[in-house]
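Asks: First the structure, then my questions, so here it is.
FYI, it's all coordinate maths here, none of it is from the lab. Because the structure is predicted, anything quoted here is derived from the model rather than measured. Please note: Cβ atoms are built from the backbone with ideal geometry, for glycine as well, and neighbour counts cover all protein chains shown.
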Amino acid sequence: MKQPVFYIVLASALSLTACNKPAPATATVAPATTNGPAVSTLTDPGAGALCDGKNLRISHDNSSQVIDGECGDVTVTASNGSLNVSKARSITVEGRQFTVLNEQVDTVRVVGSDNVLNLTNARRIDISGNNNMILVNETAEVSFSGTGNTVNASSEPRIEDSGTGNRVI
């Protein structure tokens, strides 16, 4: 008689476990900071995902993403791909041969090499990687510490250049 009770308890436990669905793989929660509550991070979401103030991380090589809504901090560690994100607090590109399209961002950091960024408005651009091309309509500041980078700006930004072979046209 103990055997049927065991199977009933086991079946009940399995049915309860099946009801508890894990969080989707594309959403993680960053630890809380002293500046405010924890911020969710979308990691490698599907095309057409909604940022909705969340941070965004793109880590899959050879990917192409179009992300809707306003993002927090965007980090691209992938190579050989593209990202189109309308608005973001910041964008950091660490990969190689990646293309980023963006309309509005406060700060851009390009650490990787051979990337192309097409920006409309970026307050500050910091480039420590090599051989990157940044097209920007409006920017207030450009800082170079890498080599062989080009910024094509419609505005006349303040320039700091501690690298070599960099230019603003």
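Asks: Would you mind calculating the gained length between residue 61 and residue 147 on full extension (0.36 nm times residue separation, minus the Cα-Cα distance), in nm to one decimal? Please report the intermediate quantities before stating the final value.
Replies: Numbers: separation 86, 0.36 × 86 = 30.96 nm, distance 2.39 nm.
Between residue 61 and residue 147, full extension yields 28.6 nm more.
Asks: Is there a quick way to get the dipole size of the range 25-168? I mean about its Cα centre, with the Cβ of Lys and Arg at +1 and of Asp and Glu at -1; what is the value in debye to the nearest 20?
Replies: Numbers: 10 positive and 16 negative charges, 21 e Å.
Using Cβ point charges on Lys, Arg, Asp and Glu, the range 25-168 gives about 100 debye.
Asks: Under the 0.36 nm per residue contour assumption, what length would be gained going from the current alpha-carbon distance of residue 107 and residue 161 to full extension? Walk me through the numbers on the way to the answer.
Replies: On the way: separation 54, 0.36 × 54 = 19.44 nm, distance 1.70 nm.
Length gained between residue 107 and residue 161: 17.7 nm.
Asks: May I pose another question? Using mean Cβ contacts within 10 Å as the protection proxy, how do 148-157, 69-78 order, highest first? Numbers along the way, then the final one.
Replies: On the way: 148-157: 16.6, 69-78: 20.4.
So the peptides 148-157, 69-78, ranked by packing, come out 69-78, 148-157.
Asks: Figure the gain on full extension for residue 68 and residue 87 (residue separation times 0.36 nm, minus the Cα-Cα span) and round it to one decimal in nm. Please list the in-between numbers first.
Replies: On the way: separation 19, 0.36 × 19 = 6.84 nm, distance 0.87 nm.
Roughly 6.0 nm would be gained on extension.
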